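Have a look at the structure below, then the notes.
No lab work stands behind these numbers, since they all come straight from the coordinates. Since we're looking at a predicted model, the values are computed, not measured. So basically every Cβ, Gly included, is an ideal-geometry build from the backbone, and we count neighbours across all protein chains shown.
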Protein chains: 2
Amino acid sequence: MSAVPEPDFLKACRGEAVTRVPVWFMRQAGRSLPEYRALRATGSILDAIAVPEVASEVTLQPIRRYGVDAAILFSDIVVPYHAIGFGVEVVPGRGPVIAEPFASVSDLDRLPDLTDELIEHVTATIDLVIPELAPTNTPLIGFAGAPFTVASYLVEGGPTREFAIIKTMMHRDPKLFDQLLDRLVAITISFLRAQIEHGARAVQLFDSWAGSLTKAEYERFALPATRKVFEGIADLDVATILFGVGTGELLGSMATAGSNVVGIDWHVDLDEGRRRVGDKAVQGNLDPARCLAGEALAIEATREVLTLAGTDTGYIFNLGHGVLPATDPDVLAAVVKAVHEEGKAGVE
Amino acid sequence: MSAVPEPDFLKACRGEAVTRVPVWFMRQAGRSLPEYRALRATGSILDAIAVPEVASEVTLQPIRRYGVDAAILFSDIVVPYHAIGFGVEVVPGRGPVIAEPFASVSDLDRLPDLTDELIEHVTATIDLVIPELAPTNTPLIGFAGAPFTVASYLVEGGPTREFAIIKTMMHRDPKLFDQLLDRLVAITISFLRAQIEHGARAVQLFDSWAGSLTKAEYERFALPATRKVFEGIADLDVATILFGVGTGELLGSMATAGSNVVGIDWHVDLDEGRRRVGDKAVQGNLDPARCLAGEALAIEATREVLTLAGTDTGYIFNLGHGVLPATDPDVLAAVVKAVHEEGKAGVE
């Protein structure tokens, strides 16, 4: 019996030569698929995540639809904080909302260690997914929110455009802010380790709101915690990706956080993005809005991205942000096909 | 009688040596001032703009409060489109909303030329402001929305985070998009010329949503129209500023649009921003959120900006986005004082 070959997605993460450019889509599991909407009906996304039979099915739906090179767990960055009882809900159309935001040192007690029991629904979902992915040797990507981004939600109490409360805390009470991030680092490491131990072969850390920081703020208030998270899983055999939005000025710093791959949002041309992250692998970065105007225009946009990505190894095609709800799944399927046929896999 | 000296603000716009670093704040006229809230009470901002006695008073309030080096007209980028009857309203807490968005070639007829009669309230406001500014030789800044940003509102029908409709129009029907922008160029030039002819000595073009575009999209779909606007006022004696948010990747392109100054938002370190715009003057870029945590921390942040701005000429201190409504006016006054005392004016 010959050894099972390493999937292209994992090879690309590690900068190794691939047979074709791998592709998956952020938010591929969820809102844009009619079979997802049929399955989920109404209710909070956290309710759907809590049922392994549902969450595993949603994780697998895009694999069947699109032929992507990786599955990503149907989950949410607030799952571990919901699990420890911090009092977070996800309000449809608004996002995570915290009834009692983190505001003082006494709130640190509301952030205990994450035990395996509290996330049994997550690991049970992975246990259902892994055997289904085995026949095609498709890797599962686990994920978590990066400590700074999670802290933004916990401190602001919900989505914000100004980040006024957390920036005030950072600059006025950096000690409290650091204590908060230390708790989040511990929880994030536990959450990722559980996913990896149950079979996730890659993990993506979403620092979605890192782009709200200047470079100096990022390096002081976000990067150290992110680095600790990657150090905390460095003993495990897993590929790692770090992604944020609006991070053009931060890419050079993010490249030092310890991940294999840096995700690049669609604002930054990929050739320039590669220059900023040095020898890291990159992932990205088709503007999701360009998948809304039909297949021909989406393919045209895909080709523009592939051209800027160049022919080097260490490249994973993705959107430069999550799939928009109004996206036609057939367009995404066509994008996958185009990437597989036309992407230059670095084996020339 | 000796000649009246040119104000530092105008000298800085043109890259000439100044006696001290000039400073003003985007959105200095409005929401954060209690005297503004007392004056305006409820109602649409367009109602307040329509009354020259009110609009001129709001324009002057920050001059008295802060000692800034320039006044900016109390107005809104949708004013000319409201004036021609396009059907735009400004909804408090939401922004501009268009009852019937621009969708097809027949809508071009809804964008006639802007006549002086339609904006008499704006020029009457300027006529009231100019004599009040004369004793301190403080320049008035007029402004308009850049064609792409205005088009975003007219096509999307209101604020958006995804720009799905306008991007679809751009890529699917570039001819219609170009026709729309040509109409907006003509209206914008008329609007700016009227302001300059009545006494505005500088104008700022707000391309607030330019950051929603990739560099290739910006150069194809936004920059040419912006360039035409600056060409359309090039015969007038006026300093010109171009500003957008999230434009880190676009600064090099924006520097070719024809303005004297490129405004830099707070995401981009000023030394790096200067590098990207070449020999243009720059304006920016204190994060408005850093003015929310008291005077001491705001001054600390101001010093960081001044350090990155360096000692070259061609620099105007500003925020890197508009004043946040919750800002304490005393903090902004302290920032002005610090800039005037500590800014390195390039005369060493």
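Mean projected area of the convex hull spanned by the Cα atoms of region B:24-289, taken over all viewing directions: 13.3 nm². Remark: for residue pairs A:Lys280/B:Lys280; B:Lys11/B:Lys175; A:Lys11/A:Lys228, the C-alpha separation exceeds 31 Å in A:Lys280/B:Lys280; B:Lys11/B:Lys175. Each of the peptides B:96-103, B:248-255 was scored by the mean count of other Cβ atoms within 10 Å over its residues; in descending order, highest first, they stand as B:248-255, B:96-103. For region A:63-84, the residues whose backbone nitrogen is under 19 Å from a point 7 Å from the Cα of A:Glu16, taken along Cα to Cβ, are A:69-71. When the protein assembly as shown is described by a simple charge dipole with +1 on each Lys and Arg Cβ and -1 on each Asp and Glu Cβ, the residue from B:Tyr36, A:Val18, B:Val238 located farthest towards its positive end is A:Val18. Full extension of the chain segment joining B:Asp237 with B:Glu272 gains 9.6 nm, where the gain is 0.36 nm per residue of separation less the Cα-Cα distance. The separation of region A:192-233 from region B:64-94, counted between C-alpha centres, amounts to 41 Å.
Inter-copy label distances at B:Gly43, shortest first and taken from points set 7 Å along Cα to Cβ: 5.1 nm.
In chain A, the beta carbon lying closest to the axis that superposes A onto B belongs to the residue given here with its whole-angstrom distance, A:Gly248, 2. Arranged from fewest to most other beta-carbon atoms within 10 Å of their beta carbon, A:Ser208, A:Ser75 become A:Ser208, A:Ser75.
Only the Cβ atoms of Lys and Arg (+1) and of Asp and Glu (-1) were treated as charged; on that basis the dipole of region A:15-99 about its Cα centre amounts to roughly 300 debye. Think of each Lys and Arg Cβ as +1 and each Asp and Glu Cβ as -1; about the Cα centre, that makes the dipole of region B:190-348 roughly 460 debye. Each residue in B:Asp178, B:Asp287 was given a count of other beta-carbon atoms within 10 angstrom of its own, and listing them fewest first yields B:Asp178, B:Asp287. With R₀ fixed at 25 Å, the C-beta to C-beta distance from A:Glu197 to A:Glu53 puts the FRET efficiency at about 0.75. The radius of gyration of the Cα set in region A:1-157, together with its Dmax, comes out at 17.6, 59 angstrom. Per residue, the average separation of C-alpha pairs within less than 8 Å and at least 6 apart gives chain A a relative contact order of 22 percent. Separation of region A:125-167 and region B:235-285, taken as the distance between their Cα centroids, equals 36 angstrom. The mean number of Cβ atoms from other chains found within 10 Å of a Cβ in peptide A:284-295 is 4, as a whole number. Of the residues A:Gly85, B:Tyr66, B:Thr115, the one whose Cα sits farthest toward the positive end of the charge dipole of the protein assembly as shown, with +1 on the Cβ of Lys and Arg and -1 on the Cβ of Asp and Glu, is B:Tyr66. When the Gaussian network model of chain A links Cα atoms closer than 10 Å, the mean-square fluctuations of A:Leu297, A:Leu270, A:Leu184 top out at A:Leu297. Can you list the GluC sites (Glu not before Pro) in region A:252-318 that are in a DSSP coil and have 12 or fewer other beta carbons within 10 angstrom? Sites meeting the loop and neighbour criteria: none at all. The convex hull of the Cα atoms of the protein assembly as shown, projected and averaged over all directions, covers 31.1 nm².
A simple charge model with +1 on the Cβ of Lys and Arg, -1 on the Cβ of Asp and Glu and nothing else charged puts the dipole of the protein assembly as shown at about 300 debye relative to its Cα centre. Put in order of Cβ neighbour count within 10 Å, fewest first, the listed residues A:Phe86, A:Phe230 become A:Phe230, A:Phe86.
Take the convex hull of the alpha carbons in region A:275-328; its mean projected area over all directions comes to 3.9 nm². Can you give the FRET efficiency to the nearest 0.05 for A:Glu117 and B:Gln179, using r as the Cβ-Cβ distance and R₀ = 45 Å? The calculated FRET efficiency here is 0.10.
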